[in-house]
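Working notes for the structure below.
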Amino acid sequence: MSLILIILVVTLTSLFAIFRFKHRRFYKLAAKIPKLPGGLPIIGATHIFMTAEPKDYLPIMLDMIKKDMVIGSVWFGTQFAVILNTVEDFQKVLTSPNCINKPKLLFDAFFSDSASFCVNNNPHEKRRKLLNPSFTSLMLNKTNFHTNETIKGFINKINAKSDGKTIDIYHDIAACALRGTLHAHFDYDDDSLDYKVVKGFDDFKPLIMQRLGKPWLSFKPFFKLSKLSKQVEAVRTPIYECINKIIESNKHHRIKLEGRCVSTIRQLLDTKQKLSDEEIAEEIFIFIYASHETSALALSACLLLLAMHKNVEEKVFEEIKNAKLSEEFTSISNEETQSFPYIEMVIKETMRLFPPVAVTFRETIAEVEVGDYLIPPDTIVGLPVLLIHRNEKIWGKDAGSFRPERFEPEEFKKIPQFAFLPFLLGKRTCIGYKYAMYFMKIFIINFVKNYKVETDLKFDELKTQMTPATSLLQAIQLKLLKGSENFLIGQ
Ligand code: HEM
């Protein structure tokens, strides 16, 4: 018995020694990178996330990297990770061809690896090439009538609800953003499932967060056997009901193509890359998730900030009034939104303070040089956008306050390009950013034209959480005051 034990120990030790020797460069590079606090031998920082509540993951992660640290490293069991903290290093990673991939550990259990958010290496480049044509300015103009109509529909809907009451407005905005995406990118017009789909994603998000606290579930076979996997299947059902309808309706009815400008769904259905229905469904799943939640988070935070900063709300209103839009204006084109520079600054300042994606991750496929260090291959790289967005050395002493004027061209040109990353930059920058900015501007114009907002929430008390996008911890409770004599546009 003892002989077997000795053989076992010697074999395991030798295997470990061989493994370490083979990967000696990896360990040498990893050891050089300063360590983040809290890690334990063997398990690293796994215990911190296993014992914390998901709402605390973001503050824990941000706290780990101290203000004066430029880079910090941490192990999660056998997975090595680093967190960056300078604009220069963000730029290095986001522009490196060796750092385009999404970490499998974080994405695998929930998203199909055939969808654009998750496809890595060469397939990602091919998928972007396929989908880019449906996100051009030309395409935006094609969709402008429906985008405007969708938002007006939202204004009518909340008219009935508001009436001086305090309401949580997030879900209505999310349903409106979803409607916008389904129409603009998926040629789909039936709004009967909007709220069901938003609710489906609302139920889906906490399940993703639960999985992050259970590292053993990152192995697909374990995950498939888990209770969580069945819960995920259940919440995906209403979302897939909608997705299947989108695919079916688009298969049977062909929209007349105008020039080379085609919607996302047509690109997916007609491509020579021959995607299966399952692959198309996964792609739609990612698109409607990535588009409606981020836009709704940014817009609801923006309205909250307007309620807290009356001087800004007033300036927004003045801009709309001076644009001399008539009461009957039908639709504002993307070009026309250029006459609302202050609204654009307000939206950008909102996303600086409360970026809908406050932290994201990449995985290295080869060594990547950042500052004085080399990040080894197969390392997860954490990019805490929120820290860069609130860095006083970059944005000044008032980095923590809401001041849209910092986006005035003269002032903003002094800010390094990679210091403002609501849509990220580089090869994986948000494919929908032009559409998102257009949608948000039209939304704010219509909203402020009709309502003033008030809130009891206090700016200094606002906290963010990972969901896994980034939302405010507090529900967005707003009191909507319907148009008064102050709100007569074009008079
Ligand atoms: C305010 C609104 C939005 C914000 C703040 C936002 C932000 C982002 C960010 C930060 C990423 C990069 C994530 C990462 O790589 O980790 C991203 C990717 C993506 N976004 Fe957006 N987004 C918004 C709206 C939209 C819209 C409207 C669409 C589609 C209609 C969209 C579709 C996508 C897709 C497909 C990706 C993956 C791109 C890739 O990996 O190549 N997003 N978005």
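Scanning the range 101-147 for residues that are out of contact with any Leu (no Cβ under 9 Å at 6 or more places or on another chain) and part of a loop (DSSP other than H, G, I, E, B) yields K102, P103, D108, F111, S112, D113, A115, F117, C118, V119, N120, T136. Note on the range 354-368: residues that are near the ligand (Cβ under 8 Å from one of its atoms), outside any loop (DSSP other than H, G, I, E, B) and buried (at least 22 other Cβ atoms within 10 Å of the Cβ) total 1.
State yes or no: is Y438 within 16 Å of the ligand (Cβ to nearest atom), surrounded by fewer than 17 Cβ atoms within 10 Å (Cβ to Cβ) and not charged (D, E, K, R)? Before you say what the answer is, go through the steps one by one.
Working: within 16 Å of the ligand (Cβ to nearest atom): yes; surrounded by fewer than 17 Cβ atoms within 10 Å (Cβ to Cβ): no; not charged (D, E, K, R): yes.
Taking the combined requirement at face value, the residue does not satisfy it.
The helices (runs of 4 or more DSSP H) located wholly in the range 234-323 include none with 3 or more residues which are away from the ligand (no atom under 16 Å from the Cβ), on the phi > 0 side of the Ramachandran plot and under 28 Å from the mean Cα position of the chain (by Cα). No other residue among F49, F111, F80 is within 16 Å of the ligand (Cβ to nearest atom) and not small (G, A, S) apart from F111.
For L178, the criteria (1) modelled with pLDDT of 85 or more; (2) away from the ligand (no atom under 16 Å from the Cβ); (3) closer than 30 Å to N334 by Cβ hold in every case but one, which is (2). Regarding H146, is this residue in contact (Cβ under 8 Å) with a residue 12 or more places away in the chain, within 14 Å of the ligand (Cβ to nearest atom) and under 19 Å from the mean Cα position of the chain (by Cα)? Judged against the criteria, H146 is not a match. The set of residues in the range 267-284 that are closer than 20 Å to Y433 by Cα and surrounded by fewer than 23 Cβ atoms within 10 Å (Cβ to Cβ) contains only Q267. Residues that are within 22 Å of F204 (Cβ to Cβ) and among the basic types (K, R) within the range 45-69 comprise just one, K55. Checking each residue of the range 451-463 against the condition of being within 16 Å of the ligand (Cβ to nearest atom), buried (at least 16 other Cβ atoms within 10 Å of the Cβ) and not β-branched (V, I, T) gives no match. Do we find a residue being within 30 Å of R179 (Cβ to Cβ), of a type in the set (A, V, I, L, M, F, W, C) and modelled with pLDDT of 95 or more anywhere in the range 372-390? Taking every residue of the range 372-390 in turn, at least one turns out to be within 30 Å of R179 (Cβ to Cβ), of a type in the set (A, V, I, L, M, F, W, C) and modelled with pLDDT of 95 or more. Scanning the range 373-399 for residues that are crowded, with 19+ Cβ neighbours inside 10 Å and among the polar types (S, T, N, Q) turns up just one, T379. Applying the selection to the range 156-180, what residues are out of contact with any Asp or Glu (no Cβ under 7 Å at 6 or more places or on another chain), surrounded by 13 or more Cβ atoms within 10 Å (Cβ to Cβ), among the aliphatic types (A, V, I, L, M) and part of a helix (DSSP H, G or I)? Of everything in the range 156-180, those that are out of contact with any Asp or Glu (no Cβ under 7 Å at 6 or more places or on another chain), surrounded by 13 or more Cβ atoms within 10 Å (Cβ to Cβ), among the aliphatic types (A, V, I, L, M) and part of a helix (DSSP H, G or I) turn out to be I173, A177.
Considering every residue within the range 464-485, establish whether at least one is more than 16 Å from the ligand (Cβ to nearest atom), among the hydrophobic types (A, V, I, L, M, F, W, C) and modelled with pLDDT of 95 or more. No.
Specify which of the listed residues (I48, I18, I42, I100) is out of contact with any strand residue (DSSP E or B) (no Cβ under 6 Å at 6 or more places or on another chain), free of Cβ contacts under 8 Å to residues at least 40 places away in the same chain and either surrounded by 15 or more Cβ atoms within 10 Å (Cβ to Cβ) or under 30 Å from K427 (Cα atoms) (or both).
On the way: I18 fails: either surrounded by 15 or more Cβ atoms within 10 Å (Cβ to Cβ) or under 30 Å from K427 (Cα atoms) (or both); I42 fails: either surrounded by 15 or more Cβ atoms within 10 Å (Cβ to Cβ) or under 30 Å from K427 (Cα atoms) (or both); I100 fails: free of Cβ contacts under 8 Å to residues at least 40 places away in the same chain.
Only one candidate qualifies: I48.
The values are calculated or read from the model by the stated rules, or taken from the named source; none is laboratory data. Here the structure is a predicted model, which means the values were calculated and not measured. Because the Cβ atoms are built from the backbone with ideal geometry, glycine has one as well, and the counts that use them run over all protein chains shown.
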